[in-house]
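J.: Dropping a structure here in C-alpha cells format, bear with me for questions.
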Amino acid sequence: MKIDHIGIATKSIEEGLALWQDALGLKPDSSEEVTEQGVKVCMLPVGDTHVELLEPLSPESAVGKFLAKRGPGIHHIAVEVADIHGSLAELKKRGARLIDETPRVGAGGSLIAFVHPSSTNGVLLELVQH
Ligand code: CMX
C-alpha cells in the first residue's frame, strides 16, 4: 500500500497550478475530465505520490458541494490497494460506511471506491487499484 494521491478541491485547476506548478515547480503528468465524478482533474507527481487538483464541473457535484460548504482544501486521501474488491469486503465486514459497494472507473481508467468520512476519522478515503 502507498498513498496514491491527495485530492485537493480548488475553484479552478489554473488557480491550483499557480501554486503547485508555477511556485513549487511540479509538472502535471495528466489531466482529464471524469464526468461520472463531476470533476476535472490534474495530476502532479510529488516523489512517489501525486497531488490531484480537483475542479468541479458543476455546483451540484461532490467537489462543488464541498467547496460551497468548506472552501478549497484537502478533499480526500487515496490509498493504492492490490485487491480493491477484497479491501471493500474487509472494510464492510468491519462496519465501515462504503459510498461505493462496488468499484467504479476513475481517472486514468483505474478502479476506485470511496469510504464515507463518518467512518474514517473525518477524512474521505478513496481506494485505488491500477
Ligand atoms: N471530507 C470530509 N468530510 C466531508 C467531505 C470530505 N471530502 N465531504 C463531505 N463531508 C462531510 C460533510 O461536511 C458532512 O459533515 P457534517 O455532517 O458534519 O455537516 C458529512 O460529510 C456528511 O455529508 P453528506 O450530507 O452525507 O454528504 P454530502 O452530500 O456532503 O457528500 C460524500 C459527501 C463524501 C458522501 C460525497 O462527496 C461523495 O459521495 N464523495 C465520493 C465521490 C467524490 O468525492 N468524487 C469527487 C472526486 C473524484 C476523483 O477524485 O476522481
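Rule-based calculations on the coordinates, nothing more; no lab input. Just so it is clear, the structure is predicted and the values come from calculations on it, not from any experiment. All Cβ positions, even for glycine, are placed from backbone atoms using ideal geometry, and neighbour counts span all protein chains on display.
J.: Let me spell it out: the conditions are (1) within 12 Å of the ligand (Cβ to nearest atom); (2) within 16 Å of ASP4 (Cβ to Cβ); (3) part of a helix (DSSP H, G or I), and LYS65 meets all of them except one. Which number is the exception?
T.: Unmet condition: (2).
J.: Let me ask another. Considering VAL128, VAL115, which residue is closer than 13 Å to HIS5 by Cα and surrounded by 14 or more Cβ atoms within 10 Å (Cβ to Cβ)?
T.: VAL128
Let's see how each residue does on (1) under 18 Å from GLY38 (Cβ atoms); (2) among the β-branched types (Val, Ile, Thr):
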site	(1), (2)
SER58	yes, no
LEU67	yes, no
VAL81	no, yes
SER87	no, no
THR102	no, yes
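J.: Turning to a different aspect of this structure: Of these, GLY16, GLY7, GLY86, which one is among the small types (Gly, Ala, Ser), assigned to a helix (DSSP H, G or I) and within 17 Å of the chain's Cα centre (by Cα)?
T.: After applying the criteria, what remains is GLY16.
J.: Still on this structure: Restricting attention to segment 101-112, and to residues there that are touching an Asp or Glu at 6+ places or on another chain (Cβ under 9 Å) and part of a loop (DSSP other than H, G, I, E, B), which single residue is surrounded by the most Cβ atoms within 10 Å (Cβ to Cβ)?
T.: The qualifying residue surrounded by the most Cβ atoms within 10 Å (Cβ to Cβ) is GLY106.
J.: Restricting attention to segment 29-52, and to residues there that are touching a Ser or Thr at 6+ places or on another chain (Cβ under 7 Å) and in contact (Cβ under 8 Å) with a residue 40 or more places away in the chain, which single residue is nearest to the ligand (Cβ to nearest atom)?
T.: This residue is VAL41.
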